[in-house]
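**Student:** Here you go, one structure.
The values are calculated or read from the model by the stated rules, or taken from the named source; none is laboratory data. Since this is a predicted model, take the numbers as computed values, not measurements. Here the Cβ is made from the backbone with ideal geometry for all residues, glycine too, and neighbour counts use every protein chain on show. All accessible areas refer to the heavy atoms of the entire protein, side chains included, with ligands and DNA or RNA removed. Shrake-Rupley method; radii C 1.70, N 1.55, O 1.52, S 1.80 Å.
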Amino acid sequence: MRPTAGHPEWRRLRSLFGISVAIAMGLMPASCAPSPLEQWIEPRALERTSPTWRPDHLTVLAQQENTLPSPDEPKDILTLREAAALALLHNPQLAAFAWEVRAAEARAIQAGLTPNPRAGYSAENFGGPDGGDLFFRQTIRLSQVIELAGKRQKRLDLARADQRLTAWDYEAKRLEVVTQVAKRHVMVIAAQDRLELAKRTLRLSEKVHKIVDQRVEAGVVPTAERDKATVRVSLARIALDRARHALDASRQALASTWAGRVPTFCQAVGNLDQPLPVPEQERLMALARNNPRLARWSDEIEQRHRAIQLAKANAIPDITAGGGVRHFPDAEDIAGMVEFSVPIPLFDRNQGDILRARYGLGKAKTLQLAAEAKLREELAAAHADLASAVFALKTLRDETLLAAKSAFKSASEAFESGQTDYIDVLDAERTLVEVERRLIDAQESHQLSATRLEGLTATPLESSNP
């Protein structure tokens, strides 16, 4: 016969469950979830004061609001500071790293939780051959794993160390975005200058073509000279069209750093012509300690130590404690019960995980040395590039360009007065255009090298000199 809801057996079961819960709760350790821990690394010197988008702690109401705001792009000029501010607030890749920091925070919360209790029920000797009661002997128990050796705290410490490393990854990405914006801003300004040079070159070619045409009509020079001037104008128009497209591409590349679909700014502004100071190489290496690629390693090594401590703690078996009640229908009585169990660490003493964690510590120390060597190599290369770019910039600006302008002016005046051939003007024009193009390249190379050094040291170049 199956008991109904009002049957005495069901009433006994409900009372048994309540009693077993009260008994087992006394065996459970007190536990609560750790509060969220903010682990955002302090920003490095580059754009330290610029706000960066960070997601809030998610709730049911706030979940739909944790999205990147739409960028408010400038409509006229764009400075480097404005471009960096836009990227830090709206760069999707940086936002993804920010979400990962929050995810690491959630993993830390989960790591600090105590294992859930287990509920169990068993029935014995029911439905015997002589038609006994349906539930002859019933047992309800609750059990709880009691973690020893401070496993919960060590697990939480390791998760928080992981969280800090994730925050270092975020800061490294933030610096990468700032450096990328600076480079692309420089490239836009250089593309603007190349476009202006292409326009001047076309106007110059058209001016020379007009003079040649007049002299051909006057019978002073042969028709072939006009053909040469026409070719020169055509090539200048092709160069102008190429410069326009190159500028469009560089503008779009800059706007993509803040997820802009179409660039709305009219002009990027900045001074590419002012040579920046070249710091001493050892001074740069000292400043490079600010770079997250090096600064993170103290936390990385601490995290590996935390992993060893947790692996050692996991070698100590946990105790499973439980309690409950057992119902004896024949005697119309109930009895309490308490049980304990613990694994015997005879074979598995977590030897492999402990050894693996120790190997991980050795690997981290080796990788720290490798990171320092790699950064020193990159600093040396960037330092050499900057020194070379500064020398080229000063030489082209102060010597070569002045001489090229003087030579073209003399050749043009001599041609207009009939003292020389068009070939001399053409040669002087080519030289002047080539020098101006090289000057723009040197300005761009100089600023890109400086930006690279700033990214490696996480410090503005002007601040790197004592």
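**Student:** Picking from Arg152, Arg164, Arg194, Arg174, which residue would you name as being surrounded by 20 or more Cβ atoms within 10 Å (Cβ to Cβ), in contact (Cβ under 8 Å) with a residue 24 or more places away in the chain and either over 17 Å from the mean Cα position of the chain (by Cα) or not in a helix (DSSP H, G or I) (or both)? Quick ask: steps written out before the conclusion?
**Tutor:** Numbers: Arg152 fails: surrounded by 20 or more Cβ atoms within 10 Å (Cβ to Cβ); Arg164 fails: either over 17 Å from the mean Cα position of the chain (by Cα) or not in a helix (DSSP H, G or I) (or both); Arg174 fails: either over 17 Å from the mean Cα position of the chain (by Cα) or not in a helix (DSSP H, G or I) (or both).
Just one listed residue meets the conditions, Arg194.
**Student:** Would you pick out the residues in segment 455-466 that are open to solvent by 40 Å² or more (accessible area, probe 1.4 Å) and in a helix (DSSP H, G or I)?
**Tutor:** Scanning segment 455-466 gives Glu462, Ser463.
**Student:** Quick one: how many residues across segment 382-405 are closer than 29 Å to Arg452 by Cβ, hydrophobic (A, V, I, L, M, F, W, C) and open to solvent by 50 Å² or more (accessible area, probe 1.4 Å)?
**Tutor:** Just the residues of segment 382-405 that are closer than 29 Å to Arg452 by Cβ, to begin with: 382-401.
From the residues that got through so far, the ones that are hydrophobic (A, V, I, L, M, F, W, C) too are 382, 384, 386-387, 389-393, 396, 401.
Next, only the ones that are open to solvent by 50 Å² or more (accessible area, probe 1.4 Å) stay: 384, 391.
Residues that pass the stated criteria total 2.
Table: residues versus (1) of a type in the set (A, V, I, L, M, F, W, C); (2) open to solvent by 80 Å² or more (accessible area, probe 1.4 Å); (3) within 30 Å of Gln138 (Cα to Cα).
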site	(1), (2), (3)
Glu339	no, no, yes
Pro345	no, no, no
Ala357	yes, no, no
Leu361	yes, no, no
Ala370	yes, no, no
Ala380	yes, no, no
Ala407	yes, no, no
Glu413	no, yes, no
Asp424	no, no, no
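**Student:** Where in segment 250-363 are there helices (runs of 4 or more DSSP H), lying wholly inside it, with at least 1 residues that are small (Gly, Ala, Ser) and either within 30 Å of Ala95 (Cβ to Cβ) or in contact with a Ser or Thr (Cβ under 7 Å, 6 or more places away or on another chain) (or both)? Reasoning before the result, please.
**Tutor:** Working: elements: 281-287, 292-295, 297-314.
Here the list reads 292-295, 297-314.
**Student:** When you scan segment 248-271, how many residues do you find that are surrounded by 20 or more Cβ atoms within 10 Å (Cβ to Cβ) and hydrophobic (A, V, I, L, M, F, W, C)?
**Tutor:** 5
**Student:** Next up: With the structure loaded, tell me whether Ser449 is among the hydroxyl-bearing types (Ser, Thr, Tyr), at negative phi and either at pLDDT 90 or above or not in a helix (DSSP H, G or I) (or both) or whether it fails that test. Break it down stepwise before answering.
**Tutor:** On the way: among the hydroxyl-bearing types (Ser, Thr, Tyr): yes; at negative phi: yes; either at pLDDT 90 or above or not in a helix (DSSP H, G or I) (or both): yes.
Considered against the rule, which asks whether it is among the hydroxyl-bearing types (Ser, Thr, Tyr), at negative phi and either at pLDDT 90 or above or not in a helix (DSSP H, G or I) (or both), Ser449 comes out as yes.
**Student:** Only one of Arg48, Arg81 is open to solvent by 80 Å² or more (accessible area, probe 1.4 Å), modelled with pLDDT of 70 or more and either assigned to a loop (DSSP other than H, G, I, E, B) or among the aromatic types (Phe, Trp, Tyr) (or both); which? Give the derivation first.
**Tutor:** Values: Arg81 fails: either assigned to a loop (DSSP other than H, G, I, E, B) or among the aromatic types (Phe, Trp, Tyr) (or both).
Step by step, each of Arg48, Arg81 is checked, and only Arg48 is open to solvent by 80 Å² or more (accessible area, probe 1.4 Å), modelled with pLDDT of 70 or more and either assigned to a loop (DSSP other than H, G, I, E, B) or among the aromatic types (Phe, Trp, Tyr) (or both).
**Student:** While we're here: Please go through segment 120-148 and pick out each residue that is modelled with pLDDT of 90 or more and part of a loop (DSSP other than H, G, I, E, B).
**Tutor:** Glu147, Leu148 - these are the residues of segment 120-148 that are modelled with pLDDT of 90 or more and part of a loop (DSSP other than H, G, I, E, B).
**Student:** Mind telling me which of the residues Arg437, Arg430, Arg452 ends up being more than 23 Å from Lys207 (Cα to Cα) and open to solvent by 40 Å² or more (accessible area, probe 1.4 Å)?
**Tutor:** Result: Arg452 is the single residue among Arg437, Arg430, Arg452 that is more than 23 Å from Lys207 (Cα to Cα) and open to solvent by 40 Å² or more (accessible area, probe 1.4 Å).
Conditions (1) surrounded by 16 or more Cβ atoms within 10 Å (Cβ to Cβ); (2) at pLDDT 80 or above, marked per residue:
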site: Ala24; (1), (2): yes, no
site: Cys32; (1), (2): no, no
site: His57; (1), (2): no, no
site: Leu61; (1), (2): no, no
site: Glu65; (1), (2): no, no
site: Ser70; (1), (2): no, no
site: Thr114; (1), (2): yes, yes
site: Arg118; (1), (2): no, yes
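**Student:** While we're here: Scan Glu100, Glu105 and give me the residue that is among the acidic types (Asp, Glu) and either open to solvent by 60 Å² or more (accessible area, probe 1.4 Å) or in contact with a Phe, Trp or Tyr (Cβ under 8 Å, 6 or more places away or on another chain) (or both).
**Tutor:** On inspection, the qualifying residue turns out to be Glu100.
**Student:** Does Arg251 fit the bill of being over 30 Å from Val101 (Cβ atoms) and either modelled with pLDDT of 95 or more or acidic (Asp, Glu) (or both)? It would help to see each step written out before you state the result.
**Tutor:** On the way: over 30 Å from Val101 (Cβ atoms): yes; either modelled with pLDDT of 95 or more or acidic (Asp, Glu) (or both): yes.
Yes: the conditions hold for Arg251.
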